[in-house]
Structures are given as C-alpha cells and as structure tokens.
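The values are calculated or read from the model by the stated rules, or taken from the named source; none is laboratory data. These numbers were taken from a predicted model, which means no experiment stands behind them. Here the Cβ positions follow ideal geometry from the backbone for every residue, glycine too, while neighbour counts run over all protein chains shown.
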C-alpha cells in the first residue's frame, strides 16, 4: 500500500480570522498520486484549508492556527519550517491565472531564481521539463522570451502550473483553477491534471460537481468550516452517508 501513503496529514485544525472561526477541528489526509476534490458552498472553509496547507495565511494579520498540519510527517508550523521552503514543496494555483508581467521563461524559473539558482543549464532544463509537464511546451517553445501576459487565459494558467512544477513540489493545491476559463481551456487543464497525478498529489477546490466527480479519487465536503464527509468520490456522489452531503450534491442548497 506504499503508493497510498499520506502526503499531507491534517489533525484537529482550527483556523481563526480574528474572532471568526473559519475551520472547526478539521482532520483529513491527502494521499500520494491522488486527486482530492474539496467541495462545499461559498464561505465553507475550502480556500482557507488550502491557504493553511500552503501557509499563505501567514501573510494575513490576526490569524490563529491550532492543531497540526504535516507534510511527509514534518509539522509545517514547526519553528524550524521555513515558509518559503514549504511553498516550493506545496505549489499553489489560483482561480484567476496570475502570470508575472515578464517572459514565459522568467515566469517558469521564478521560484528557482529566488532560491538562488543561477546555472543556466539547470534553469533551461527546468523550463523545458516544467512546460512539458504542464502540456504547453509545444505551444510556447519558440516564444519563451515573449511576455506571458500575451497568452490566452488557458495558456496563462498552464504557465502558472509550470511555474509551480519548476521547484519539484510534492503537492499541487488548485483553488478553482478552471472557473475563469472557457470550456476548451478547462478541459485542457483537466487533462493536464490527470497526467500530473502520476507524479504529484493534487488537491482541487471546485464548485463544479461534474468536475469533482470526473476528476477526483476522493472528495471532501465542507460546510460552515467543518468537514462533513470524506471518502472515495464514487461513494460520496452515489451513496453519501450524511444528509447535508446528499442535499448539496443534489443541488438543494449551495
């Protein structure tokens, strides 16, 4: 069962923005080489969970985190854990494609450059490897020094995937990565995700029930900051154990 080793283990996680409790005692494991969908209505804690795993909440004043989050058995909130180092291992993709306003090449190597890598051969190889993995190499290999902002939305999102992959992360967190894209671009991103699953663990927040049922191995349903139900995607969609899960999936609320 080594292939199903937990990459991220979350135990009794509470997250407060000031007095507001955004996550309430969440315990969940994310497994190697699986896609996990996180679903639930707006404001239920989905994005807050991703930001806690990536420690993006560090950047927000007045945030309190209790409980433990471990990446390969390392506590990511331990004093010895460097947040920049963590984010190299836990890549993050957002709803709106957010390439930097410089060349495709410089976008992809951004994380390597800020960690001090100067060797041109290493950087060149990282660019090709990452763009190949993000399924966009053939489209941009002759345009590497053009501004990434000139690409289409779907291409920009795949450049952002390549940028996350360049630092060889263990996990990719995706916060509604296709919701701002047209259907063709969305299906390209989905195809890329299924390929990437062979090498990475992927957690995707999505409001698209079809996408969750189509793409993921496991699904977690959140409501008002609590994890209501978590299991094999097939079971969650076809035989949910909790009434709230069934109501949400069948469109009765949310």
- prompt: If a residue has to be crowded, with 24+ Cβ neighbours inside 10 Å, more than 10 Å from the chain's Cα centre (by Cα) and in a loop (DSSP other than H, G, I, E, B) to count, how many in the stretch 151-177 make the cut?
  reply: 1
- line: If we keep only residues of the stretch 116-129 that are assigned to a loop (DSSP other than H, G, I, E, B) and out of contact with any helix residue (DSSP H, G or I) (no Cβ under 7 Å at 6 or more places or on another chain), then the residue modelled with the lowest pLDDT is 116
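Here's a check for you: in the stretch 1-22, which residue that is crowded, with 18+ Cβ neighbours inside 10 Å and under 16 Å from the mean Cα position of the chain (by Cα) is farthest from residue 222 (Cα to Cα)?
Of all residues in the stretch 1-22, those crowded, with 18+ Cβ neighbours inside 10 Å come to 7-8, 10, 13, 15, 22.
Imposing the further condition that a residue be under 16 Å from the mean Cα position of the chain (by Cα) reduces the set to 7-8, 10.
Values: 7: 20, 8: 18, 10: 14 Å.
The selected residue is 7.
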statement: Going through (1) closer than 26 Å to residue 201 by Cβ; (2) touching a residue at least 40 places away in the same chain (Cβ under 8 Å); (3) surrounded by fewer than 18 Cβ atoms within 10 Å (Cβ to Cβ) one by one, residue 128 fails only at (2)
- prompt: How many residues does the stretch 23-71 contain that are out of contact with any strand residue (DSSP E or B) (no Cβ under 9 Å at 6 or more places or on another chain) and within 26 Å of residue 245 (Cβ to Cβ)?
  reply: 1
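Just to be sure, is residue 250 closer than 21 Å to residue 43 by Cβ, out of contact with any helix residue (DSSP H, G or I) (no Cβ under 8 Å at 6 or more places or on another chain) and either surrounded by 14 or more Cβ atoms within 10 Å (Cβ to Cβ) or modelled with pLDDT under 95 (or both)? Lay out the reasoning, then the answer.
Details: closer than 21 Å to residue 43 by Cβ: yes; out of contact with any helix residue (DSSP H, G or I) (no Cβ under 8 Å at 6 or more places or on another chain): yes; either surrounded by 14 or more Cβ atoms within 10 Å (Cβ to Cβ) or modelled with pLDDT under 95 (or both): yes.
Spelling it out, residue 250 is indeed closer than 21 Å to residue 43 by Cβ, out of contact with any helix residue (DSSP H, G or I) (no Cβ under 8 Å at 6 or more places or on another chain) and either surrounded by 14 or more Cβ atoms within 10 Å (Cβ to Cβ) or modelled with pLDDT under 95 (or both).
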Helices (runs of 4 or more DSSP H) wholly inside the stretch 23-110 that include at least 2 residues being modelled with pLDDT of 95 or more and over 13 Å from the mean Cα position of the chain (by Cα): 104-108
Residue that is on the phi < 0 side of the Ramachandran plot, without any contact (Cβ under 8 Å) to a residue 60 or more places away in the chain and either touching a strand residue (DSSP E or B) at 6+ places or on another chain (Cβ under 6 Å) or buried (at least 21 other Cβ atoms within 10 Å of the Cβ) (or both), where the choices are 202, 236: 236
- request: Tell me which of these residue 198 doesn't satisfy, since it passes every other one: (1) more than 23 Å from residue 54 (Cα to Cα); (2) out of contact with any helix residue (DSSP H, G or I) (no Cβ under 9 Å at 6 or more places or on another chain).
  value: (1)
message: If I filter the stretch 178-190 for residues that are surrounded by 15 or more Cβ atoms within 10 Å (Cβ to Cβ), closer than 24 Å to residue 49 by Cα and in contact with a strand residue (DSSP E or B) (Cβ under 7 Å, 6 or more places away or on another chain), do I get at least one hit?
response: no
